[in-house]
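A.B. asks: A single structure is presented below for examination.
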Amino acid sequence: MGRGKRRNLLLLGGSALLAAVGQLLFKYSFTSSFVAGWLALGVVAYGMSTVAYFYVLSRVHLSWAYGIGGLSYIFATVFAYFILIEDIPLLRWVGVIVITIGVILIGTS
């Protein structure tokens with residue numbers, strides 16, 4: 001794998017992670033007494049995610065970048081389970097596994 005592709009993968013992975021963190025903070029802001037603070041942090045995380053995504057999108061094919069963005073679904077589900085202590089049904093975990101396989105296939109193409 002070339003250095004440029006590896007960099008783009010890392011940036012897209014970071015973008016997906018920041019997007020999931022933003023979603024987590026949005027959810028958390030509405031269940032805590034520090035609403036404005038968590039909401040602001042969520043907006044910052046989501047904004048950073050968008051900037052990273054735009055940077056990579058200007059350099060690669062949309063079909064590849066958008067497919068790697070599926071990582072955000074995986075991250076969000078894992079955060080919901082481990083941080084928010086949400087009950088995740090088995091069928092949803094199967095979906096996360098399918099998405100993971102898809103992201104791997106897209107990432108290596």
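A.B. asks: Please verify whether Leu39 is modelled with pLDDT under 95, of a type in the set (A, V, I, L, M, F, W, C) and outside any loop (DSSP other than H, G, I, E, B), treating the condition exactly as stated. Quick ask: steps written out before the conclusion?
C.D. replies: Working: modelled with pLDDT under 95: yes; of a type in the set (A, V, I, L, M, F, W, C): yes; outside any loop (DSSP other than H, G, I, E, B): yes.
In short, yes.
A.B. asks: What pairs come out if I take residues in region 84-99 that are within 17 Å of Gly70 (Cβ to Cβ) and pair them with residues that are at pLDDT below 95 whose C-beta lies under 8 Å away, six or more apart or interchain?
C.D. replies: Correct list of pairs: Ile99/Gly70.
A.B. asks: Go through the residues of region 24-33 one by one and say whether even a single one is in a loop (DSSP other than H, G, I, E, B) and in contact (Cβ under 8 Å) with a residue 40 or more places away in the chain.
C.D. replies: The answer is no, given that none of the residues of region 24-33 is in a loop (DSSP other than H, G, I, E, B) and in contact (Cβ under 8 Å) with a residue 40 or more places away in the chain.
Yes/no matrix, rows are residues, columns are (1) within 14 Å of the chain's Cα centre (by Cα); (2) modelled with pLDDT of 95 or more:
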position: Ser49; (1), (2): yes, yes
position: Tyr55; (1), (2): no, yes
position: Tyr66; (1), (2): yes, no
position: Tyr73; (1), (2): yes, yes
position: Ala76; (1), (2): yes, yes
position: Asp87; (1), (2): no, yes
position: Leu90; (1), (2): no, yes
position: Thr100; (1), (2): yes, yes
position: Ser109; (1), (2): no, no
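A.B. asks: I need every pair where a residue in region 47-70 that is within 14 Å of Leu10 (Cα to Cα) and touching a residue at least 24 places away in the same chain (Cβ under 8 Å) has its Cβ under 6 Å from the Cβ of a residue that is assigned to a helix (DSSP H, G or I) and of a type outside the set (A, V, I, L, M), sequence separation at least 6 or different chains.
C.D. replies: Between residues of region 47-70 that are within 14 Å of Leu10 (Cα to Cα) and touching a residue at least 24 places away in the same chain (Cβ under 8 Å) and residues that are assigned to a helix (DSSP H, G or I) and of a type outside the set (A, V, I, L, M), the close pairs are Ser49/Ser15; Ala52/Gly14; Ala52/Ser15; Tyr53/Ser15; Val56/Asn8; Val60/Asn8; Ile68/Gly107.
The values are calculated or read from the model by the stated rules, or taken from the named source; none is laboratory data. In this text the structure is predicted, and so the values were computed from the model without any measurement. We place every Cβ from the backbone using ideal geometry, glycine too, and count neighbours over all the protein chains shown.
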